[in-house]
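Data block below; observations after.
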Amino acid sequence: PSCFGYPLSIFFIIINEFCERFSYYGMRAVLVLYFKYFLQWDDNLSTAIYHTFVALCYLTPILGALIADSWLGKFKTIVSLSVVYTIGQAVMSVSSINDLTDHNKDGFPDNVSVHVALSMIGLILIALGTGGIKPCVSAFGGDQFEDHQEKQRSRFFSIFYLSINAGSLLSTIITPILRAQQCGIHSKQRCYPLAFGVPAALMAVSLVVFVVGSRMYKKVKPQGNIMIQVSKCIGFAIKNRFRHRSKQYPKREHWLDWASEKYDKRLIAQTKMVLKVLFLYIPLPMFWALFDQQGSRWTLQATTMDGNFVAIQIQPDQMQTVNPILIIIMVPVMDAVIYPLIKKCKIDFTPLRKITVGMFLASLAFVAAALVQVQIDKTLPVFPAAGQSQIRFINLGTQDATVRFEPQLQTVPVQTVGPMHSTDYVTLETSQLKLLNIAYGNKNNAINITLSEESRYTLGIKDNAANIVTSLLYDEVTSKPEEGNNLIRFINNLPDVVNITMGGTHFGTLRPLSASNYSIFSGGRKDITAVRNSVSCSTTSKAFGFGSAYTIVINECNANTLDVMYYEDIPPNTVHMAWQIPQYFLLTCGEVVFSVTGLEFSYSQAPSNMKAVLQAGWLLTVAVGNIIVLIVAGASKLSEQWAEYVLFAALLLAVCIIFAIMAYFYTYIDPNEIEAQLDEEEKQVKKDPDTSEKQVEADSQM
């Protein structure tokens, strides 16, 4: 049955691909944040495991192709590995259920290793599933067409690519929204089970849709895998060359000709063409090393930025949607506008030049990322290092206060604080500080003080009739609040006890000059209510941004008026997430010229039956690229993130230059001509066996 001139079965395959890509990219979008915030891994471990997983997803296609071509056939491979895939997604979803091991109900898993083990099992199953079906689905789609439907087949591949990007775009928008929800039985948490559960459900839908179309498919029997034949041919040539390495044997034109004793001329000629292309693939992994950091390093970069887009709050993992949006725009723009313009300018923009330009653009994208990172680093507060402490002073009274450090420290000047003002944090060597001398109006007070290393403190100062009252508070925050949240605490500057509630969070009862613990809030305005001597007063807070911490001092509470002061402990993220758009734009332009051209070029330079080998080689470059990230990030030991971006940009630029030189010496071939030549020779053999035998003898003596 057909529809619009296409086999009906195609629509099942396209829906299947859309659901599968939604499932994969949705899970991948929130993965690095799941590692960082749920499993509590640091940035480097999260990045390493993320790239190991992606590398695995691109190594398994070779396995999938072997199973499909040599044993099960494409249809059965897709079905059986989709089952594995669905189970993997479900396990991933279960692994992120906080209440699974949270027996004391404090909102954190008691046994993290259970969650780690489950998520690793889930990820391995997903890598097997997604990788295993990747080479089969598009080829299975191609099998559905008759030979005369060449035009429809090429249109199908365009629609297929579009469905991949539509699936990835929608899931990268939706999954982060699901992750940002609050859910849980005992305590409300970020909703990772939903963020992983929806992709799992779509994978199940994808499987059902694919199986429903079963009767309509044209199922081609497994033909044996060409990769195995090519590998055997290469192996035999090397072994044979090694056996005949002494001077008495005449040299042959190409080292692969040493396989001619066992393999026919056609296979050897085809293998030569494939190896010529695969040799050009050697520098390509470096591009993928940069490209796949969108999901790891760039997402982590977005967590330190401001995601306020007028009325909408953008989640850090949603910035990845810029890539599929731009692809959907850029692919047609490149084909319809840019390439024709370049042609008009009489520039010969060959496929290999396009690939070189793609690498150069990706390198520029990382320079842009480094520039953004430098701006972010300027806004990050300095926290105390080992052997250091930080202290600042808030004057809660009505006169000026002066604080001297005893013994007099050269590095720290005398601090003068006006009424209701605070100083910045002062960094000092923990061991040096013994006494603080506080002058307040005409009163003087010396207090002994002991600080811990790598900690921050706030000292509240106030006078009463008799003397100076001080209150030393320990600020437990020595890092930016996570996921762009804000941390808020209160100080009671009233003579009476107050009860404080903000935005539905209860801060408890505060005695005079005491402080609450910090609580987490998202951005925006919140309602603050204080109850003093059973009189309630309320106000609306200032608008909180992304990633800040504030101490709010309650100064007055009577008959409906609540007077508060805000002291900034950690400044909010001020670099806007929109500044990531230029780096995404450059990288996506690079991807469009690199990725689309790369596959087209490979197919144009090799015989049609060798496409599987090239597809495997291409996917292998992606896997190796992700392994490069592990090696470079692990070996570089750069403490500054911007320096790591510059390092990657420099490496890709160097590789880009090497590739340009290789491309310069490459001669384009037409596989069809070579195939025709071989056909001609075979006809000769059939016509005149004697001369051809003599020819073979002459060849072998060359």
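The values are calculated or read from the model by the stated rules, or taken from the named source; none is laboratory data. Just so we're clear, the structure is a prediction, and the values are computed from it rather than from any experiment. Every residue, glycine among them, receives a Cβ derived from its backbone with ideal geometry; neighbour counts consider all protein chains shown. When the accessible area is computed, the model is the full protein with side chains, heavy atoms only, and any ligands, DNA or RNA have been set aside. Shrake-Rupley method; radii C 1.70, N 1.55, O 1.52, S 1.80 Å.
Looking at the range 477-572, the pairs of alpha carbons with a distance over 16 Å make up 50% of the total. Over the range 1-111, the alpha carbon radius of gyration divided by the compact-protein estimate 2.2 N^0.38 Å works out to 1.42. In the context of the full set of protein chains, the range 477-572 has a per residue accessible area of 41 Å² (1.4 Å probe). Normalised size of the range 221-318, defined as Cα radius of gyration per 2.2 N^0.38 Å with N residues, equals 1.97. Sparse packing (at most 15 other Cβ atoms within 10 Å of the Cβ) combined with a DSSP loop state is found for the following trypsin sites (Lys or Arg not before Pro) in the range 71-121: K105.
Debye-formula intensities of the range 383-475, expressed as log10 I(q)/I(0) at q = 0.25 Å⁻¹, are -1.40 (one equal scatterer per alpha-carbon, no solvent).
Within the chain, antiparallel bridges make up roughly 80 percent of the DSSP beta bridges whose residues both belong there.
Building the convex hull from the alpha-carbon atoms of the range 184-254 and averaging its projection over directions returns 12.2 nm². Taking 4 °C and 1.567 mPa s as conditions, the range 126-184 diffuses translationally at an estimated 93 µm²/s according to Stokes-Einstein applied to its Kirkwood radius (Cα pairs). When only Cα pairs below 8 angstrom with a gap of at least 6 residues are kept, the chain shows a relative contact order of 16 percent. Calculated [222 nm] ellipticity per residue, helices only, for the chain: -17000 deg cm²/dmol; basis is -39500 (n - 2.57) per DSSP H run with n ≥ 4, divided by all residues, nearest 500. Here, the range 276-422 is characterised by an Rg to Rh ratio of 1.24, where Rg is the alpha-carbon radius of gyration and Rh the Kirkwood radius.
Only protein heavy atoms count here; on that basis, with a 1.4 Å probe, H506 has an accessible area of about 120 Å². Looking at the range 1-224, what % of the alpha carbon pairs are farther apart than 28 Å? Value for the range 1-224 (Cα pairs over 28 Å): 33 percent.
State the antiparallel share, in %, of DSSP beta bridges confined to the range 477-572, rounding to the nearest 5. Among the beta bridges of the range 477-572, antiparallel pairing accounts for roughly 80 percent. Computed over Cα pairs, the Kirkwood radius of the range 62-122 leads via Stokes-Einstein (1.002 mPa s, 20 °C) to a diffusion coefficient of 159 µm² per second. Considering only F659, A368, W255, and ranking their Cα positions along the charge dipole of the chain that arises from unit charges at the beta-carbon of Lys, Arg, Asp and Glu, the one farthest toward the positive end is W255.
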